[in-house]
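What follows is a set of notes on a single structure, which appears directly below.
The values are calculated or read from the model by the stated rules, or taken from the named source; none is laboratory data. A quick note: this is a predicted structure, and the numbers were derived from the prediction, not measured. With ideal geometry, Cβ positions are generated from the backbone for all residues, glycine too; neighbour counts draw on all protein chains shown. These area figures cover heavy atoms from the full protein model, side chains too; ligands, DNA and RNA do not enter into them. Shrake-Rupley method; radii C 1.70, N 1.55, O 1.52, S 1.80 Å.
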Amino acid sequence: MRDDELVEEARGAARRSYSPYSGFRVGAALVADDGRVFVGANVENAAYPVSSCAEATAVNFAVAQGVRKIETLAVACIDAATLEDAYPCGRCRQIMAEFDVERILVTTGSGEVREHTLDELLPHRFRLR
Ligand SMILES: [Zn+2]
């Protein structure tokens, strides 16, 4: 899948976000090493800490389907009122580290797509040997 198609999948997932409290709709789409594509959206909860980010939703769903290695993950936020660069939070960066995400595509408020490696976003990350 091309990068622009993956970003579009992330935007589509953001449209399905459940975010009644923040109004901040985020979607993620990833390509596993076997070529399968998985999407996720943020899912909020009245008990805020129970909420789940889009990236975590996508990664956890992929892992539940047998994925153990992820090549690329795209993340997008689609709401003009809250539109910011859709950089993953620290928790999601650690979740991505567990499954060796190679490339992360981040959409910006202006619609630009920035490509990063996990080392750029989470240097010196926690690992067990
Ligand atoms: Zn997160």
What is the gain in length, in nm to one decimal, between Asp4 and Ser51 on full extension, counting 0.36 nm per residue of separation less the C-alpha to C-alpha distance?
-> 14.1 nm
Any idea what the relative contact order of the chain is, in percent, if you count C-alpha pairs under 8 Å spaced at least 6 apart?
-> 21 percent
Solvent-accessible area per residue, Å², over the chain with all protein chains present [probe radius 1.4 Å] | 54 Å²
Sparse-neighbourhood loop sites, chymotrypsin sites (Phe, Trp or Tyr not before Pro) in region 31-129 - DSSP loop, at most 14 other Cβ within 10 angstrom | Phe126
Per the Kirkwood formula over distinct C-alpha pairs, the hydrodynamic radius of the chain in angstrom is 14.3 Å
Mind listing the phi-derived Karplus ³J(HN,Hα) values for region 98-115, rounded to whole Hz, using 6.51, -1.76 and 1.60 with θ = phi - 60°, and x for any glycine or proline?
-> 4, 10, 6, 4, 7, 10, 10, 9, 10, 8, 9, x, 8, x, 5, 10, 9, 9
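With the full set of protein chains in place, find how many percent of the accessible area of region 16-56 is carbon and sulfur; take the probe as 1.4 Å. Don't skip to the answer; put the middle values down first.
Details: 1170 of 2000 Å².
For region 16-56, the apolar C and S fraction of the accessible surface comes to 58 percent.
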